[in-house]
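Before any comments, here is the structure.
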């Protein structure tokens, strides 16, 4: 499976993502934001970081960069697009995903491991995943997901909520919500479920000696579903 | 021509920074501060002499980049 990771000025999780993708057998290539086109890919990843120093709004400047038109065309033709953290913020700013990531409720930068619940398995990312809960890592200042009531209803009606923050036992409430996101939302899909944006970083959980391995399950699952 | 834009959070959208500023002001004995909403201010120099045209250009910029209409409103002043 061929993947491309887009690098923006200020991306800082691009190489972690490259390492993770290659570890599980993706043929990955790095693509600069100023390029006109993306090499033939089955998956495009927008990595985490602070593209353009988070100026104006997180992800807003990157969402207008040269390469984005190709990303939007790829997404609209059904290609898999994955945005992690700042990548998720960029995807909301392009309009490929609904809503916006606002500043965390308690104004703090959060860097910690969290549990997320997989809410939908009718998609290429989580289909046949062996676990219901994943332990992943978050590191962000703007992860407080917000959208209008109408958009939320539509996300719920179409099962577009991908993952939600929860406790180790799966409880979803205010105490297991790190950033104030509505309905504990940690990640969402577009309508066709080929575009996934999420705040947690699976690429940071691919080694049992460093952190954990739930991220490995995530990447392996994408590969298995692609075959 | 210089066009000025103010972008603010929509009513009902949580503004944690505004809240923190309000609480700080209250703590500084500005007891009658009931609410603070923080926003952004832009001065945009447009190469255009016709004010109507310049404002209509800036209006387009607001919709496409300067404001995110999911949570923000904008005002051209």
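The values are calculated or read from the model by the stated rules, or taken from the named source; none is laboratory data. Since the structure is predicted, the reported quantities are computational estimates derived from the model, not experimental observations. As a convention, Cβ positions derive from the backbone with ideal geometry for all residues, glycine included, and neighbour counts pool all protein chains shown.
Cβ separations smaller than 8 Å between residues 6+ apart or across chains give the following pairs from segment B:6-30 residues that are facing chain A (nearest Cβ under 9 Å) to residues that are exposed (fewer than 14 other Cβ atoms within 10 Å of the Cβ): B:16/A:106; B:16/A:107; B:17/A:107; B:20/A:107.
Being under 16 Å from residue B:5 (Cα atoms), within 12 Å of chain A (Cβ to nearest Cβ) and more than 11 Å from the chain's Cα centre (by Cα): is that true of residue B:65 here?
The answer is yes for residue B:65.
Among the residues of segment A:131-155, those identified as in contact (Cβ under 8 Å) with a residue 12 or more places away in the chain, away from chain B (no Cβ under 14 Å) and farther than 23 Å from residue A:59 by Cα are A:131, A:132, A:133, A:134, A:135. Of all the criteria given as (1) assigned to a loop (DSSP other than H, G, I, E, B); (2) farther than 26 Å from residue A:61 by Cβ, the one not satisfied by residue B:26 is (1). Of all residues in segment A:91-109, those being assigned to a helix (DSSP H, G or I), farther than 11 Å from residue A:197 by Cα and at the interface with another protein chain (Cβ under 10 Å from one of its Cβ atoms) number 1. For segment A:198-208, indicate whether the set of residues that are touching a helix residue (DSSP H, G or I) at 6+ places or on another chain (Cβ under 7 Å) and within 14 Å of chain B (Cβ to nearest Cβ) is non-empty. Scanning segment A:198-208 turns up no residue that is touching a helix residue (DSSP H, G or I) at 6+ places or on another chain (Cβ under 7 Å) and within 14 Å of chain B (Cβ to nearest Cβ). Per the conditions (1) part of a strand (DSSP E or B); (2) within 14 Å of chain B (Cβ to nearest Cβ), the sole criterion not satisfied by residue A:112 is (2). Could you check residue A:128 against (1) under 17 Å from the mean Cα position of the chain (by Cα); (2) touching a residue at least 12 places away in the same chain (Cβ under 8 Å); (3) closer than 26 Å to residue A:224 by Cα and say which number it fails? Just one mismatch for residue A:128, condition (1). Restricting attention to segment A:34-52, the residues being out of contact with any helix residue (DSSP H, G or I) (no Cβ under 9 Å at 6 or more places or on another chain) and at pLDDT 95 or above number 2.
Note on segment A:71-87: residues that are out of contact with any strand residue (DSSP E or B) (no Cβ under 8 Å at 6 or more places or on another chain) and part of a helix (DSSP H, G or I) amount to 3.
Being surrounded by fewer than 19 Cβ atoms within 10 Å (Cβ to Cβ), assigned to a loop (DSSP other than H, G, I, E, B) and out of contact with any strand residue (DSSP E or B) (no Cβ under 9 Å at 6 or more places or on another chain) is a property that residue A:127 has.
Matching residues to (1) in contact with a strand residue (DSSP E or B) (Cβ under 8 Å, 6 or more places away or on another chain); (2) in contact (Cβ under 8 Å) with a residue 40 or more places away in the chain; (3) away from chain B (no Cβ under 14 Å); (4) assigned to a strand (DSSP E or B):
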site: A:17; (1), (2), (3), (4): yes, yes, yes, no
site: A:22; (1), (2), (3), (4): yes, no, yes, no
site: A:28; (1), (2), (3), (4): yes, no, yes, yes
site: A:36; (1), (2), (3), (4): no, no, yes, no
site: A:52; (1), (2), (3), (4): no, yes, no, no
site: A:58; (1), (2), (3), (4): yes, yes, no, no
site: A:66; (1), (2), (3), (4): no, no, yes, no
site: A:89; (1), (2), (3), (4): yes, yes, no, no
